[in-house]
Each structure stands twice: as structure tokens, then as C-alpha cells.
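K.L.:
Structure provided below as C-alpha cells; questions to follow.
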Amino acid sequence: MLKTIKKDDFTLRERNNMNLEGDWEWYQQFAGIEQSSNYYTNHIFSTIINENPLVQRIVELGTYTGSMAIALGLEGIRKGIEVQTFNIKEETTAETQRILNKLDVIRNIFDIFEQENIAKIKTLFDKPVYLLCDNGNKRAEFQLFVQHLKPGSVVSVHDYGVEFMPEDAQAHRALLTPFHEEQWQNHNVQLASWVVK
């Protein structure tokens, strides 16, 4: 006789590993701020930082509500590395700004595609970084900046399979090694990552 398995029969870690939960919901809150992702994204951030010790700076393109910037800010504090986030306009609340300031996350409000700003961002790639592309044009961000990353850097693109397709990374495949590709769609995380060779 087969026994019906219920999620309460397992610890959270076992449920996650067995994928009994299926897709995790987006737009939950993290630190009181609505996420435009899900909690599994934060796990991926920790994995990237833990398994890539050469990373010496975190650069996020696309702050939006600031929930990912907060998660990345915590990783920055944990590892003692700088975190910078970029957005074309201020979309974070005063409360979020206060949290980001406490975490020493450097907020930049400008269009990342303007020539002078492209040059400013490129100066951040003087050492291995973790670059998260999550702005309004992920394909263009990736194409523009990935070629300037130092070996040992990691680049991730959010909304993989929705706003950024596999073929969007094709031109740079020789520079990149997929990082935990099996997790790119796990729990509906939609976050693809590569290590720069």
C-alpha cells in the first residue's frame, strides 16, 4: 500500500530538496518590503557569495523596491565587501533607504545606459564582482557589461526565461561557465548565473 506524503512529514530543508513545494510565490515581503522575486533568490545570493571567494564587490543594476539590495547588503556585511545598487529613478521608500544606509549599500540614481554613467559603472569592475542584472533591459545590461568583468566574477540575470532568454547569453558563452544551472528555474526563481573564466 502506498503512503500519501504530506509536506508536514518533512523538515523545510527536506521539502526544498524534494521540491514538494513546487514554485515559490513571488511578491512576498522581505524586511517589510515587497519582493519582485521569491525567498529562494536570497538563498541563491548566499550560494554565489559563499562559493565564489574571489568576489570583492557586489553591483546590482535595478534597485526597484530595494528588497534584493537589502539581501545583497547583508551579504556585503557578512563578507566585508562593498555593495552598490543602481536605478534610473528613486523607487524605494524612506524606510527602505534607511535600511540600505544602515547596511552601507551605495545607492546610485541615474540612467546606466548614458555614456558617462557606463564609464562610472565600468570602474567598479577593477576586481572580481558579483553583477546582478535586474534593470529594465536585462539583455542590454548583460551585453554591455559582461565583457568587462574580471575572471572570477559572477554575473546573474533575473527573470531568466521571461525577460532574458538563453540565446541572449550565447555571444558570450566562451567567457562564461554556468553556475549551478540546475537551480536557474528551481522554485520559479528565474535567476541564471555564470562565472567569468
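Read-outs: derived from the displayed coordinates by stated rules, not from any lab. Here the structure is a predicted model, which means the values were calculated and not measured. No Cβ is skipped: glycine too gets one built from the backbone with ideal geometry, and neighbour counts run over all protein chains shown.
K.L.:
What order, most packed first, do the peptides 154-165, 71-82 have when packing is the mean number of other Cβ atoms within 10 Å of each residue?
P.N.:
In decreasing order of mean packing, 154-165, 71-82 become 154-165, 71-82.
K.L.:
With θ set to phi - 60° and the Karplus curve 6.51 cos²θ - 1.76 cosθ + 1.60, what are the ³J(HN,Hα) couplings of segment 38-49 in order, to the nearest whole Hz, using x for Gly and Pro?
P.N.:
Working through the residues one at a time gives 10, 4, 5, 4, 5, 4, 5, 4, 4, 4, 4, 5 Hz.
K.L.:
Please compute the modelled spin-label separation between Leu54 and Arg78, points set 7 Å along Cα→Cβ, answer in nm with one decimal.
P.N.:
Here the modelled spin labels are 2.2 nm apart.
K.L.:
Rounded to the nearest 0.05, what FRET efficiency do Gln147 and Glu182 give with R0 = 30 Å and r taken as the Cβ-Cβ distance? Could you check?
P.N.:
0.70
K.L.:
Rounding to the nearest 20 debye, state how big the charge dipole of the chain is about its Cα centre with +1 on each Lys and Arg Cβ and -1 on each Asp and Glu Cβ.
P.N.:
Using Cβ point charges on Lys, Arg, Asp and Glu, the chain gives about 580 debye.
K.L.:
So how tilted is helix 67-79 from the main axis of the chain? Cα-based, degrees 0 to 90, rounded to 10.
P.N.:
80 degrees
K.L.:
Calculate, in nm to one decimal, what Ile109 and Ser36 gain on full extension: separation in residues at 0.36 nm each, minus their alpha carbon distance.
P.N.:
So the extension gain works out to 24.4 nm.
K.L.:
Which one, Arg139, Arg107, Arg98, has the greatest fluctuation when you compute a Gaussian network model over the chain with C-alpha springs under 10 angstrom?
P.N.:
Arg98
K.L.:
Please figure out what share of the DSSP beta bridges in the chain is antiparallel and state it in percent, rounded to the nearest 5.
P.N.:
35 percent
K.L.:
Now for a separate question. I need Thr65, Thr93 ordered by Cβ neighbour count within 10 Å, fewest first.
P.N.:
Sorted ascending by nearby Cβ count, the order is Thr93, Thr65.
K.L.:
Just to be sure I understand: if I project the alpha-carbon convex hull of segment 145-197 onto a plane and average over all orientations, what area do I get in nm²?
P.N.:
Its Cα hull, projected and averaged over all orientations, spans 3.4 nm².
K.L.:
Next up: Helix-only mean residue ellipticity at 222 nm, the chain, DSSP H runs n ≥ 4 weighted -39,500 (n - 2.57), per residue, nearest 500. What is it?
P.N.:
It comes out at -8500 deg cm²/dmol, rounded to the nearest 500.
K.L.:
Moving on. Can you check what the Kirkwood hydrodynamic radius comes to for the chain, Cα pairs only, in Å to one decimal?
P.N.:
Result for the chain, one decimal place: 17.4 Å.
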